[in-house]
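All of the numbers you see were taken from the coordinates with simple rules; none came from a lab. None of the values given here were measured: they were computed from a predicted structure. Quick reminder, even Gly has a Cβ in these numbers, built from the backbone with ideal geometry, and neighbours come from all protein chains shown.
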Amino acid sequence: MYLVTGKITRPNTSCSFYTIADSAVSDSVRTHWQDNFKNTGKCLFVEVTMSSNQLELQTTQYWADEASYLEYKNDPVLTADLFEVRNAYWAANGMTGVILSEETV
């Protein structure tokens, strides 16, 4: 199993974190993720924890292996329709997202 832990930080609670669960993400993107990563057993589980001040969201993604995670990370549909859009949203709203750790367990 391959675990990836990340953290998203926002300056205030008036803007959403913009994750795949965000209402601004299209159904086609969510379906693509579901069909290519969740239903195939590549992404096993995603755990999300909100800080007490609601300014940080920590995610732990449980992947079948590192290759599955890299496929997700480099998926052309997700890159164009999720990651690039999300990164622009974060930049416009003063948000940051960082990977805290990646490890095989």
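Using a basic spin-label model with each label point 7 Å from the Cα along Cα→Cβ, how many nm lie between Ile20 and Tyr62?
1.5
Among the aspartates and glutamates, which fall within straight-line cross-link reach of Lys73, defined as a Cα-Cα distance under 14 Å, with same-chain neighbours fewer than 8 residues apart omitted?
Asp65, Asp81, Glu84, Glu102
In the range 69-105, whose amide N lies under 13 Å from the spot 7 Å out along Cα-to-Cβ of Ser51? List them in ranges.
Counting backbone N atoms under 13 Å from the label point, the list is 95-98.
Take the Cα coordinates of the range 2-104, assign each an equal point scatterer, and use the Debye formula without solvent to give log10 I(q)/I(0) at q = 0.12, 0.14, 0.20 Å⁻¹.
With one equal scatterer per Cα and no solvent, log10 I(q)/I(0) is -0.39, -0.54, -1.13.
Quick one: Karplus J couplings for the range 90-105, per residue in order, coefficients 6.51, -1.76, 1.60, θ = phi - 60°, nearest Hz, x for Gly and Pro?
Rounded to whole hertz, the list is 4, 4, 5, 10, x, 9, 10, x, 9, 8, 8, 7, 9, 7, 8, 10.
Would you mind computing, in nm to one decimal, how far apart the modelled labels at Leu44 and Thr31 are, each placed 7 Å from Cα along Cα→Cβ?
With each label point 7 Å from Cα toward Cβ, the separation is 2.9 nm.
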